[in-house]
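The values are calculated or read from the model by the stated rules, or taken from the named source; none is laboratory data. None of these values were measured; they are calculated from a predicted model. As a convention, Cβ positions derive from the backbone with ideal geometry for all residues, glycine included, and neighbour counts pool all protein chains shown.
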Amino acid sequence: MNSRNLRVWLGLLLFTLLSFYLADASAEAGIVLLILAAAVVKGQLVVGEFMQLRGVAHPLRWGMLLYCPVLGGLIFLVLRLAAP
């Protein structure tokens, strides 16, 4: 494992621990948004580094990069609409 992959892996670990801590602390809309944002960043890191699609100009890369933000936004929208 090269140093870049190690840094990305440590970043993924940090975002996961942060998400776990935040989810355990509260379920407010702002906290949920932070957790979804962390998931989006993690998805971008996985697509760019571990799927080795960084710098590739291909529709598959764009689809994978858009998947996490679109899904995260839809989840947040559904949660906001379902809240009393």
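Condition check ((1) surrounded by 11 or more Cβ atoms within 10 Å (Cβ to Cβ); (2) among the charged types (D, E, K, R); (3) under 20 Å from W9 (Cβ atoms); (4) touching a Phe, Trp or Tyr at 6+ places or on another chain (Cβ under 6 Å)) across all residues:
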{"site": "W62", "(1), (2), (3), (4)": "yes, no, no, no"}
{"site": "L65", "(1), (2), (3), (4)": "yes, no, yes, no"}
{"site": "G73", "(1), (2), (3), (4)": "yes, no, no, no"}
{"site": "F76", "(1), (2), (3), (4)": "yes, no, no, no"}
{"site": "R80", "(1), (2), (3), (4)": "yes, yes, no, no"}
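Within segment 32-57, track down each residue that is at pLDDT 80 or above and of a type in the set (D, E, K, R).
K42, E49
Of all residues in segment 27-65, count the ones that are touching a residue at least 12 places away in the same chain (Cβ under 8 Å) and among the polar types (S, T, N, Q).
1
Per-residue answers, yes or no, for (1) of a type in the set (G, A, S); (2) in contact with a helix residue (DSSP H, G or I) (Cβ under 6 Å, 6 or more places away or on another chain); (3) not in a helix (DSSP H, G or I):
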residue: G30; (1), (2), (3): yes, no, no
residue: A37; (1), (2), (3): yes, no, no
residue: E49; (1), (2), (3): no, yes, no
residue: V56; (1), (2), (3): no, no, yes
residue: R61; (1), (2), (3): no, no, no
residue: P69; (1), (2), (3): no, yes, no
residue: G73; (1), (2), (3): yes, no, no
residue: F76; (1), (2), (3): no, yes, no
